[in-house]
Each structure stands twice: as C-alpha cells, then as structure tokens.
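Worksheet: the structure to be examined is printed underneath.
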Amino acid sequence: MGIDDGFVKIYKDATLTGKHLAVLGHYGGDKQVRKSKEELKELLEVLEFKNDFNKADYRAFLLEEGGDVLNMLCQLFIDACIDWDAVVAMMHEKMDRTLKRIVDDNGGILETKI
C-alpha cells in the first residue's frame, strides 16, 4: 500500500490524524456516525463467525474490520472534540479496573492464558 505521488500533490498532511480530519471534514460527523455503525456490524460479523474461519482468514478479517472500526472511532473522537490523551487515559482506567477485578477474583493472583 502506501501513498502515491499524485495523492501527495493533492493532500499534503499524510499523518493519520490529518487523514482522519480530511475524511471527517469531507463527509461530516453525522455521516461518519452512520458509517461507524456499518463498520461495527462488519466487525461483529467477523467475531460472531470466528470459529468458522481458519486462523489466517480470521486474523486477516479481524485486522481489516478492526482497522476500519478504529479509524471510525478516531474520527468520532475528533468530531466530539475528545483529546487523544483523554482516550488513552480512559483506556488505561478501563484496563486497570478489569485487571483489579481479575486479581480480586483470583485471590490476589494475576494469571494469564497466553
């Protein structure tokens, strides 16, 4: 993949945030909310049928649909004026809460299955 020279001539900000801003600016927040719902449905389909895929296909579908959902979420955060640092802080808070629950449920021990 990558960006070809023709694209660079038209669009100078090739950062991921710049790309999100450009797409969001073109389509608008309401349209991207609708598109996000479509992308979430596609990811849910991959997850629902996980066991029907071989491992390589599952990984490929998860990567593709997960990438779509993450891109849409980034646009929704931008549209709602949510700072990325706040997103990361919330992710840490949610993970810390889950890890505490696991430790509490396992008598103070954190065991992993990977």
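The values are calculated or read from the model by the stated rules, or taken from the named source; none is laboratory data. In this text the structure is predicted, and so the values were computed from the model without any measurement. For accessibility, only protein heavy atoms count, side chains too; no ligands or nucleic acids. Shrake-Rupley method; radii C 1.70, N 1.55, O 1.52, S 1.80 Å.
Leaving out same-chain residues fewer than 8 places away, which lysines sit with a Cα under 24 Å from that of Lys100?
Lys113
Keeping every protein chain present and rolling a 1.4 Å probe, give me the accessible area per residue for the chain in Å².
82 Å²
Please give the length that would be gained between Asn54 and Lys19 if that part of the chain were fully extended, namely 0.36 nm times their separation in residues minus their C-alpha to C-alpha distance (nm, one decimal).
Extra length available between Asn54 and Lys19 comes to 9.3 nm.
Looking at the chain, I'd like the Rg to Rh ratio, where Rg is from alpha-carbon atoms and Rh is Kirkwood's inverse mean 1/r.
Ratio value, two decimals: 1.07.
Along each of its three principal axes, how wide is the spread of alpha-carbon positions in segment 68-113, in whole angstrom units, largest first?
43, 20, 11
Which of the aspartates and glutamates could be linked to Lys12 by a straight reach, that is with a Cα gap under 19 Å, when you skip same-chain ones fewer than 8 residues away?
Filter leaves Asp4.
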